[in-house]
Structure formats: structure tokens, C-alpha cells
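Working notes for the structure below.
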Amino acid sequence: PSAPRINPSILAADFANMQSELAKIASADYAHVDVMDNHFVPNLTFGPQMVDRIQQTSPIPLDVHLMITDPDRWAPGYAELGAASVTFHLEAAHDPVALARRLRAIGARAGVAIKPGTAAEPLFDILDEFDQILVMTVEPGFGGQGFMPETMPKLRMLHDEARRRGSDVWLQVDGGISLDTIGQAAEAGADTFVAGSAVYGASDIEAAVTGLRTLARA
Ligand code: DX5
Ligand code: ZN
């Protein structure tokens, strides 16, 4: 298996000091950018103009997580501004396969996310259309929530199915990932780990990234 990726979520960063907050995660793999529209989730963050500046400022590539309604309309714009990956929610997409193909055509990795209550089976036959699958380990909308271990069987199922099909799709987890929980997610098959409060809440951010990376080697 490839080396685990640690993607700090800037949702937990100080929004008034984004440039220095981004500099602090230079040793991580991707900066995870949570776009929320107050509609798909009951919270609002930022849109393309802010993400464009984050993209120009970040020392590492962007992993954009769209928690928005109608990603078919908005997701390609995030790929066009240079995000390395763009992940939309399966629950919100009208045509997930067509959207994934458009994202790839623009040059981004195409990602699809599922909420804790959404089944994984509908993704099995379209795994090849995606570069990464995000299994939410909290209800999307807010940082700092508790990890939901009941999502682990679904993650393991996706992992086994991907193996069975010879797919090299990345399996990402997001929500409540910390030194205490990252091991179970790795053990269930995740290879890409989003962490907000566990990174930005640490007194030594670089040490937090290293610690997570070590424990993610299941
Ligand atoms: C939640 C977001 C997460 C969030 C994770 O809807 O998608 O990326 O920032 O934050 P923590 O790691 O604090 O649970
Ligand atoms: Zn996220």
C-alpha cells in the first residue's frame, strides 16, 4: 500500500491569518478545503474567490471538499482554478459520472463523498470513474465532532471491493480523525486522512502531522 496521506483541514485554521496558517502545514500532503453553502449543510465557509487565493498561497496542493448543492454546476470551477482534487457529495450530484469525467478532463483528481448514512454499494460499479472516495466519519458541516466508528464497516467494504476490482482509488476519511482514532480508520482500509482540530489544535503542528502519519501506517 502507498504511504498514508495526511490532509489538514483549514476549517480549523484562523481565517484572519490564512497565509501563515497554510505555511504551518507545509510538511503535510494536501490542504483540505471545506466549501459549505448553508444549503447542503447548515454552515457557510467560502467560495471560489477565497479558494483561488488559498490555491495561490498554499505551499501544498489543495484537496477541495464541496459540501454544496448542485455540484454539477459549481465543481468544475474549483478544478479550473487549480485544485489538485475536487470532491463532491454523491447525495447532491445529479450526474456523478458525468461530473467526475469533467473534473478529470480539466486535470483534477475526481472525488466523491458519502455521508455516514449513505450506502457505499451504488459506488461499486462506478469506482473507476473516481480517483478518490471520501467516507465521512462525522455528519458534514462542522469541525471538532466525534468520530463515528459505525462508518468503519462501510469503509472496509469499499476497500475490499476496490481490491477485488484492482482499483487504485484512494480511500479518504474526514471527521474526528485524531491520534486516538486514526489507527482504526487505517486498519479499515483508509489511506488518506483529513484532520482539522487534531492538527490546528496542536501546540506543535508539524509534530501533530508526523504523529498522525506514523499511526496511519496500519
Ligand atoms: C466537516 C469537514 C471536515 C472538518 C474536520 O464537515 O468536512 O473536513 O474540518 O474537522 P475535524 O478534524 O475537527 O473533525
Ligand atoms: Zn472536509
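Worth a mention:
- When residues in the range 100-148 are screened for being touching a Lys or Arg at 6+ places or on another chain (Cβ under 7 Å), of a type in the set (Gly, Ala, Ser) and under 24 Å from LEU11 (Cβ atoms), 1 of them pass.
- On the stretch given as the range 144-155, residues that are within 16 Å of ligand 2 (Cβ to nearest atom), farther than 18 Å from GLY111 by Cα and out of contact with any Pro (no Cβ under 7 Å at 6 or more places or on another chain) total 4.
- Scanning the range 156-176 for residues that are small (Gly, Ala, Ser), closer than 16 Å to ARG109 by Cβ and either without any contact (Cβ under 8 Å) to a residue 40 or more places away in the chain or in contact with a Ser or Thr (Cβ under 6 Å, 6 or more places away or on another chain) (or both) yields a single hit, ALA162.
- Among the residues making up the range 80-95, those that are farther than 19 Å from PRO122 by Cα, free of Cβ contacts under 8 Å to residues at least 40 places away in the same chain and either surrounded by 22 or more Cβ atoms within 10 Å (Cβ to Cβ) or charged (D, E, K, R) (or both) are GLU80, VAL86.
- Among residues of the range 8-25 that are part of a loop (DSSP other than H, G, I, E, B), those with a beta-carbon under 6 Å from a residue that is within 15 Å of ligand 2 (Cβ to nearest atom) at least six positions away or on a different chain give the pairs ALA13/TYR200; ILE25/PRO8.
- Of all residues in the range 181-204, those satisfying the criterion of being surrounded by fewer than 17 Cβ atoms within 10 Å (Cβ to Cβ), closer than 20 Å to ILE10 by Cα and not polar (S, T, N, Q) are GLY201, ASP204.
- Matching entry among ASP63, ASP14, ASP37 (being under 14 Å from VAL194 (Cα atoms) and within 15 Å of ligand 1 (Cβ to nearest atom)): ASP63
- A search for C-beta distances below 9 Å between a residue of the range 30-54 that is under 24 Å from GLU206 (Cα atoms) and any residue that is hydroxyl-bearing (Ser, Thr, Tyr) and in a strand (DSSP E or B), counting only pairs 6+ apart in sequence or on different chains, returns TYR30/SER85; TYR30/THR192; ALA31/SER9; HIS32/SER9; VAL33/SER9; ASP34/SER9.
- When residues of the range 40-58 are limited to those that are touching a strand residue (DSSP E or B) at 6+ places or on another chain (Cβ under 6 Å) and not in a helix (DSSP H, G or I), the one nearest to GLU21 (Cα to Cα): SER58
- Matching residues in the range 1-40 - criterion: being within 18 Å of ILE177 (Cβ to Cβ), of a type in the set (A, V, I, L, M) and within 15 Å of ligand 2 (Cβ to nearest atom): ILE6, ILE10, LEU11, ALA12, ALA13, ILE25, ALA28, ALA31, VAL33
- Restricting the search to helices (runs of 4 or more DSSP H) fully inside the range 105-218 and requiring at least 3 residues that are within 12 Å of ligand 1 (Cβ to nearest atom) and farther than 20 Å from GLU91 by Cβ gives 197-200.
- A count restricted to the range 73-104 and to residues that are of a type in the set (A, V, I, L, M), over 13 Å from VAL51 (Cβ atoms) and in a helix (DSSP H, G or I) stands at 5.
Readers should treat all values here as calculations from the given coordinates under stated rules, not as data from a laboratory. All figures in this text were calculated on a predicted structure; none of them were measured in a lab. With ideal geometry, Cβ positions are generated from the backbone for all residues, glycine too; neighbour counts draw on all protein chains shown.
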